[in-house]
Structure formats: C-alpha cells, structure tokens
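Here the structure is laid out as structure tokens; the discussion comes afterwards.
The values are calculated or read from the model by the stated rules, or taken from the named source; none is laboratory data. Keep in mind it's a predicted model, so treat the numbers as computed, not measured. Using ideal geometry, Cβ is built from the backbone for each residue, glycine included, and neighbour counts are taken over all protein chains shown.
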Amino acid sequence: MEEGHLPVLAEEVISMLTPAPGSLQIDATVGGGGHTERILEATTPDGRLLGLDADGAAITRVRLRLERFGDRVVLREANFRELGRVAPEEGFTRVDGVLFDLGLSSFQLADAERGFSFRSTGPLDMRFDTSRGVPASELLATLDAAELTALFRRFGEEPFAPRIARAIVAARREAPIETAQQLAELIEGVAPARPRGRRRIHPATRVFQALRIAVNEELDALQAGLAATVDLLQPGGRLVVLSYHSLEDRIVKRFIATERKGCTCPPELPVCVCGRNPRLRPIGKPITPTPAELAANPRSRSARLRAAERLAA
Ligand SMILES: C[S@@+](CC[C@H](N)C(=O)[O-])C[C@H]1O[C@@H](n2cnc3c(N)ncnc32)[C@H](O)[C@@H]1O
C-alpha cells in the first residue's frame, strides 16, 4: 500500500517514458517518490536517475524511501527551471527520459503550515520553496484591487475576480488575511458555489490556484524546464508531463507543437532563414485517468498526460 501520495497514471507514465536498464532518467518533481521508485525499478540493475524537488522536505522524505537504490539515484533540492544547470552538474548531460508531475503533493496539501488547503489554519504561504520569494499572504496584503483582479483572472480564470478582490481589500482594512481558512471563508461569502455551466468545485479553488501559480512563478518555471529538457534529451529520449489544469496543459501542448514544427519563419518568407529543425514528435493522444483510477484516487481527477519523443535534429 502506497503511503501519503498516490502516483497518478503510474502505469501510463512508465509505458510512455519506456525507462530501460542502463538508461539515464530525470524526475523533475519527485514529490513523494512514487513515480521515481517505479522508474528506478524499471531501470534495474544499472539505470541512474536524477530527482529534483523545490521543496526540501520532499527531498528529505524521499531520500529515505529510495535508500535501497544506493548510488543509482541522485537527489537535488532545486527548482526544475534550473534543470539546464543542475543536470550537467550531476553528470546528466544526455538523458533518455524526463518526467514532470506538476503541482503539489498530498504531503504539501496535508501540511497545515504551508497554507495549500482551504481548511488550513497555519500561515497562508503556498511556496514550494519557502526560502525564496514571498508568501501568498503578502500578495493579499500588498496588491491593490485591480492587481488582485488581474492575478485571479490570469492564473485562475476566476469569473468573480473583481468581486473577490474588492472583498479582500475591504476585509484587510479590518484585519490582515493570514490563513488559508480565512481566505476560503471570505470567498465563500462573496462567490457562488457553482458558477453557471461549471462543475461543482469549492468556490475558492481558482483563487488558491492563482495565488499558488503566482508565488511559485509556476508557468515561467514550466516553460524554462521544458526548454532545458529538449536540450538534455538524446534522440529517441522521452518527455512525459502530467498537468492538472488548463493553463499548464496549454503550455505543454504549445511547447510540443512548436518543437514539432521547428521552423519559426513567417509564412510569407519563401525559404527558411531561422534554421530551426523539428526536435520533438508527440506520442499518442493526451491520456486521462480511467474510471477505476478516479475512484481509487480522486486527486487524479484533472490529470492529463502528454508525451513526446526527441528527434535527431
Ligand atoms: C504532484 S507532486 C509529485 C508527486 C510524485 N510524482 C509522486 O509520485 O510522489 C509535485 C511536486 O513537484 C514539486 N514542484 C512543483 N514545482 C516545482 C518546480 N518548479 N521545481 C521543482 N519541483 C517542483 C512540488 O514541490 C511537489 O513535491
């Protein structure tokens, strides 16, 4: 029985990544180590894996879980936006597979001190790496109503962004918003539980997503991590990404489409002058969890897997 965090689409990740004995693999988001462990098992006896996580607590926990793999696994507390620097430092210059399982783990969600869950009464922080940047509570305390509205729209696609932003500015005049629970209750009071045409989710879901993306600069990090990956993969190597909302998935989809096309010259040019060749080939269609997985692990709900193979260009 897997403890803490159930790896999402675990079988599908392995069948897309095709990790073979002797290969070099990167798990850019080790989290609880569920996928990492499966990749290491599939690459027995001599495959090697570099595992990254921006969250030092995740690295500490996973180090214990993966102890039995000895020096086949190297773990680094690092943001995957630094992959282009960190991987060569550890001797991973030409790799066979890179996995990104985006978002947060059940460990982080359950940790009241991190402020990721609606019910948490600890500080509203939301950073994966608490040594960098500013906590979400600081954004709520300092941005004006227009800036908050823009943030909730851009990173949360929140239909009630102006209303929620105004309520935050009014509430903080009385007392600072310091916990996730305070923020969730405030939103419950001003936004309807189910905007027309949308499925039932907690009314604070989109605002929480927006704050988390903002404090961790998640979309920029994803773009940088994907770009570094294409440079690191050797021909035939695989990129596999699990995303959990449309903003992430759009970035992954567009990235693969751009790398598939190669040339970026405007169509009116008669010949290519940019010299860019296609570097990725998408593999299959996006994969979503089966009803059986959804029943066993409701947190897999919004997962979408995309995979691509590195071309020889
Ligand atoms: C969904 S969990 C991964 C779960 C893991 N695959 C498993 O099976 O246990 C996502 C992890 O990615 C980490 N993370 C998110 N953004 C990151 C980034 N930019 N760089 C490094 N780690 C990141 C989070 O701290 C979290 O631990």
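Taking residue 93 as the residue in question, decide whether it is farther than 30 Å from residue 139 by Cβ, hydroxyl-bearing (Ser, Thr, Tyr) and surrounded by fewer than 17 Cβ atoms within 10 Å (Cβ to Cβ). If you could, list the steps in order and put the result at the bottom.
Numbers: farther than 30 Å from residue 139 by Cβ: yes; hydroxyl-bearing (Ser, Thr, Tyr): yes; surrounded by fewer than 17 Cβ atoms within 10 Å (Cβ to Cβ): yes.
For residue 93, the condition - farther than 30 Å from residue 139 by Cβ, hydroxyl-bearing (Ser, Thr, Tyr) and surrounded by fewer than 17 Cβ atoms within 10 Å (Cβ to Cβ) - is met.
Which residue out of 308, 312, 295 is surrounded by 12 or more Cβ atoms within 10 Å (Cβ to Cβ) and of a type in the set (Gly, Ala, Ser)?
On the way: 312 fails: surrounded by 12 or more Cβ atoms within 10 Å (Cβ to Cβ); 295 fails: surrounded by 12 or more Cβ atoms within 10 Å (Cβ to Cβ).
Matching residue, one of 308, 312, 295: 308.
Filter the stretch 266-284 down to residues that are touching a residue at least 12 places away in the same chain (Cβ under 8 Å) and in contact with a Ser or Thr (Cβ under 9 Å, 6 or more places away or on another chain) and give me whichever is nearest to residue 309 (Cα to Cα).
280
Between a residue in the stretch 93-113 that is over 20 Å from residue 4 (Cα atoms) and any residue that is assigned to a loop (DSSP other than H, G, I, E, B), which pairs come within a Cβ distance under 6 Å, given they are 6 or more apart or on different chains?
96/23; 97/19
Residue check: is residue 86 touching a strand residue (DSSP E or B) at 6+ places or on another chain (Cβ under 8 Å), at pLDDT 95 or above, part of a helix (DSSP H, G or I) and not basic (Lys, Arg)? Show your work before the answer.
On the way: touching a strand residue (DSSP E or B) at 6+ places or on another chain (Cβ under 8 Å): yes; at pLDDT 95 or above: yes; part of a helix (DSSP H, G or I): yes; not basic (Lys, Arg): yes.
Judged against the criteria, residue 86 is a match.
When you look at residue 101, is it charged (D, E, K, R), under 17 Å from residue 31 (Cα atoms), modelled with pLDDT of 90 or more and within 16 Å of the ligand (Cβ to nearest atom), yes or no? Don't jump to the end; show me each part of the working.
Working: charged (D, E, K, R): yes; under 17 Å from residue 31 (Cα atoms): yes; modelled with pLDDT of 90 or more: yes; within 16 Å of the ligand (Cβ to nearest atom): yes.
Here the answer is yes, as residue 101 does meet what is asked.
Quick check: is even one residue across the stretch 57-76 touching a residue at least 60 places away in the same chain (Cβ under 8 Å), more than 9 Å from the ligand (Cβ to nearest atom) and in a helix (DSSP H, G or I)?
Step one: list which residues in the stretch 57-76 are touching a residue at least 60 places away in the same chain (Cβ under 8 Å), which gives none.
No, the conditions are met nowhere in the stretch 57-76.
State which residue is farthest from residue 290 (Cα to Cα) when the search covers only the stretch 1-55 and only residues that are out of contact with any helix residue (DSSP H, G or I) (no Cβ under 8 Å at 6 or more places or on another chain), more than 12 Å from the ligand (Cβ to nearest atom) and acidic (Asp, Glu).
Here the answer is 41.
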